[in-house]
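Coordinate-derived values only; no laboratory data. Model, not experiment: these values are computed from the prediction.
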Amino acid sequence: MQKITMSNGVQIPQIGFGTWQIPSGIVTRDSVRLALEAGYRHIDTAAAYFNEQSVGEGIAESGIARGEIFLTTKLHNEDHGYDLTRAGFEKSLKALGVDYIDLYLIHWPNPIAHRHHWQEANAGSWRAIEEFYRAGVVKSIGVSNFAERHLEELMKSAEIAPMVNQIRLFAGERQEALVSYCRKRGMVLEAYSPLGTGNLLKNETIATVAAAHGKSAAQISLRYLVQKGFVVLPKSIREETIRENLAIFDFSLTGEEMHLLDGMENSVGPTRNPDEALF
């Protein structure tokens, strides 16, 4: 497993097991346990996924020591602001059954519940998150779905810069301006929906590259993002696919293949404008 070093010196495994859209209960619990048994050491969840308790159960059932697992969760959209963030974080700790989080993110920059005062709400949330970080109950801190304008506003009051921005990235959706902006400011980029919510599995360009390497379309899609230097967060509930998605470190894409994938159009659809989302 390759790792990326964040601005605070903490290392994050470059492949994480994503749990978005996995229903709470047995399916999440077993998927997380299978992922850890397969070799994943990075699990990504969120309060808004409503599966934190099941994620925690999967971690416990795996028998893997807590210190070997990099665990990410995210602030619920309704819990922005200083006091609500403190309460929301405690709920996540309790649900997960852990006493610290490796990476804690503000999930959405401008949720509808706080849209009339999002700048103030984010500033309050970040102040609380900085306190978690200083207290050691969070090892690294960051954001998700933040555009340049949201980051600029956050930095007006922040004392600690975000270490991560988790955004939608896949072959055909590069968000180059935002990626460049974040990297210039020392942020690691995490790619969610790295398979284009499954759409890339049927892409002809990716299929051609996959055939040349004897790999699956998913493995090519993930390898592309890894070679871009992103942390990738694939999701699956099937043991075979869970293991397959991890097996991408025994080959490399050529410069020509990377250029080919760089040139793909976004066939999945544009990334949602955070300021217009109805949640």
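Helical runs assigned H by DSSP (4 residues or longer) give the chain a calculated mean residue ellipticity at 222 nm of -12000 deg cm²/dmol, each run adding -39500 (n - 2.57) before division by the residue total. Close amide H contacts of residue 42 (hydrogens built in the peptide plane, cut-off under 5 Å, sequence separation of 5 or more or a different chain): 17, 70. Phi angles across region 140-153 convert, under the Karplus curve 6.51 cos²θ - 1.76 cosθ + 1.60 with θ = phi - 60°, into 3J(HN,Hα) values of 8, 9, x, 9, 9, 6, 7, 8, 4, 5, 6, 5, 4, 5 Hz, Gly and Pro given as x. Database remark: amide H of residue 76 closer than 5 angstrom to the amide H of 47 (H placed geometrically; neighbours at sequence offset of 5 or more, or on other chains; Pro and chain starts carry no H). Residues whose amide H comes within less than 5 Å of that of residue 138, counting only those at least five positions distant or on another chain, are 101, 133 (H built at 1.01 Å from N in the peptide plane).
Relative to the longest principal axis of the Cα atoms of the chain, helix 52-62 runs at roughly 60 degrees.
What is the angle, in °, between the Cα long axis of helix 217-227 and the longest principal axis of the Cα atoms in the chain? Nearest 10 is fine, range 0 to 90. Rounded to the nearest ten degrees, it is 60.
With an a/c value of 1.5 or above and a/b larger than b/c for the gyration tensor axes a ≥ b ≥ c computed over the alpha-carbon atoms, region 189-279 is described as prolate.
For region 128-134, backbone phi angles converted through the Karplus equation (6.51, -1.76, 1.60; θ = phi - 60°) give residue-by-residue couplings of 5, 5, 4, 5, 4, 5, 5 Hz, Gly and Pro being listed as x. Residue by residue, region 209-216 carries 3J(HN,Hα) couplings of 5, 4, 4, 5, 9, x, 10, 7 Hz when phi is fed to the Karplus relation 6.51 cos²θ - 1.76 cosθ + 1.60 (θ = phi - 60°); x denotes Gly or Pro.
When a/c reaches 1.5 or more, the comparison of a/b and b/c decides; with that in mind, is region 1-90 rounded, prolate or oblate per its Cα gyration tensor? Note, shape of region 1-90 comes out oblate. Counting only residues at least eight positions apart within a chain, or on another chain, the lysines with an alpha carbon under 20 Å from that of residue 228 are 3, 184, 215.
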